[in-house]
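The values are calculated or read from the model by the stated rules, or taken from the named source; none is laboratory data. Just so we're clear, the structure is a prediction, and the values are computed from it rather than from any experiment. Reconstructed Cβ throughout: ideal geometry from the backbone, glycine too, with neighbour counts over all protein chains shown. Surface areas here come from the heavy atoms of the whole protein model, side chains and all, with no ligands, DNA or RNA. Shrake-Rupley method; radii C 1.70, N 1.55, O 1.52, S 1.80 Å.
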Amino acid sequence: MRISVFASGSGGNCALAEAVGAYILVDCGISLRRLRAFLAQRGLTPDSLDAVFITHEHRDHTSGLAMLTKYHSPLIYALRPVASRLAGMYPQAEGLLRPIQPGEAAEVKGCALSPFATEHDCPSAGLRIDCAEGALGICTDLGVVTEEVRSALAGVNCALIETNHDVEMLLSGPYPAMLKRRILSGRGHLSNEEGAELAVFLAGQGAESLILGHISRENNSPGRALGCVAGALERAGYGDVSLAAAAPLGEVCAELLAKCPA
């Protein structure tokens with residue numbers, strides 16, 4: 001089981017989940033040219049994708065859909081309100097959309113795709129994928145970690161989670177006050193400390209590999225995010241958890257293998 005993060009941040013988001021021969025793209029906020037190049041490194045093409053899951057409608061998660069659906073025909077799963085918005089934004093994708101709700105699961109080649117609602121400034125979801133090898137989760141773009149999020153991610157072997165900003169850097173940085181308030185709100189993004197709390201929870205539930213994502217280039221750094229989360233894990237007795245930070249758009253950022261359950 002593997003998560004490969006192709007891009008993570010406000011410039012674009014895209015990750016590939018691989019398990020038991022299933023290839024599931026989570027978000028498509030990069031160009032088709034970049035996507036093809038990243039997939040080619042795995043010996044894959046866009047036609048190899050068994051499903052695409054879109055977490056929410058923001059362009060940094062959807063901008064590549066126009067060209068992807070022009071030349072290829074992957075099934076696209078999304079929450080019902082997100083699917084409705086995508087149909088308006090990308091008319092050529094309408095016949096490929098498969099609305100799904102929290103509490104439902106879509107089966108894709110032996111994998112169960114289970115979305116769960118997250119708090120953001122538009123309808124948004126994280127995703128849990130379960131298969132015979134184990135479970136993985138992807139959860140970024142949220143302002144608060146709810147009980148629904150914890151419940152959905154409990155027991156995953158591997159996860160991509162958000163550590164968007166360092167609070168002090170954000171408050172002292174150049175962003176306008178309104179944008180700062182949005183990011184800090186319960187419908188914005190997680191800070192390093194909030195991401196660290198989620199990391200400790202997941203480690204306590206058995207997670208072995210974590211990737212930190214959606215790290216702001218203006219209000220954070222990979223080093224700050226890793227330092228905060230690694231420190232929290234060490235203090236909680238989970239210093240052996242594998243930890244990596246996903247870089248912004250432009251290259252394959254992280255690739256972690258979760259161990260198969262005994």
Mean residue ellipticity (222 nm) of the chain, computed from DSSP H runs ≥ 4 via -39,500 (n - 2.57), nearest 500: -8500 deg cm²/dmol
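Between residue 101 and residue 144, what is 0.36 nm times their sequence separation minus the Cα-Cα distance? Round to one decimal in nm.
Taking 0.36 nm per residue and subtracting the Cα distance, the gain is 13.5 nm.
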Gaussian network model of the chain, Cα within-10 Å springs - most flexible of 83, 66, 19: 66
Kyte-Doolittle mean at least -0.5, axial Cα span of 15 Å or more - DSSP H helices of the chain: 192-204, 222-235
Computed lengthening from residue 42 to residue 75, 0.36 nm per intervening residue step minus Cα-Cα distance: 9.9 nm
³J(HN,Hα), Karplus 6.51/-1.76/1.60, whole Hz, each residue of the stretch 103-115, x for Gly, Pro: x, 9, 9, 9, 9, 10, 6, x, 10, 9, 9, 10, x
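For the stretch 195-228, which GluC sites (Glu not before Pro) pass both filters: DSSP loop (anything but H, G, I, E, B) and at most 15 other C-beta atoms within 10 Å?
218
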In Hz, Karplus ³J(HN,Hα) per residue of the stretch 126-136 (6.51, -1.76, 1.60; θ = phi - 60°; x = Gly, Pro): x, 9, 10, 10, 10, 8, 4, 6, x, 9, 9
By accessible area with a 1.4 Å probe, ligands and nucleic acids excluded, highest first: order of 209, 73: 73, 209
Distant-in-sequence amide H partners of residue 157 (H built 1.01 Å from N, under 5 Å): 135, 136
Rounded accessible area per residue of the stretch 133-176, 1.4 Å, Å²: 33 Å²
The stretch 20-38-the stretch 42-94 distance, computed between alpha-carbon centres (Å): 10 Å
Top of 108, 26, 200 by mean-square fluctuation, Gaussian network on the chain, Cα under 10 Å: 108
Total formal charge among the other residues, if their Cβ is under 11 angstrom from that of residue 232, Lys/Arg +1 and Asp/Glu -1: -3
3J(HN,Hα) from dihedral phi, the stretch 138-143, Karplus parametrisation 6.51/-1.76/1.60, rounded to Hz, x for glycine, proline: 10, 8, 10, 6, 8, x
Loop-located GluC sites (Glu not before Pro) in the stretch 20-114 whose Cβ has at most 14 other Cβ within 10 Å (DSSP): 104
Of 36, 128, 235, the one that fluctuates the most in a GNM where the chain has Cα springs shorter than 10 Å: 235
Accessible area of the stretch 154-211 belonging to carbon and sulfur atoms, whole % at 1.4 Å probe: 57 percent
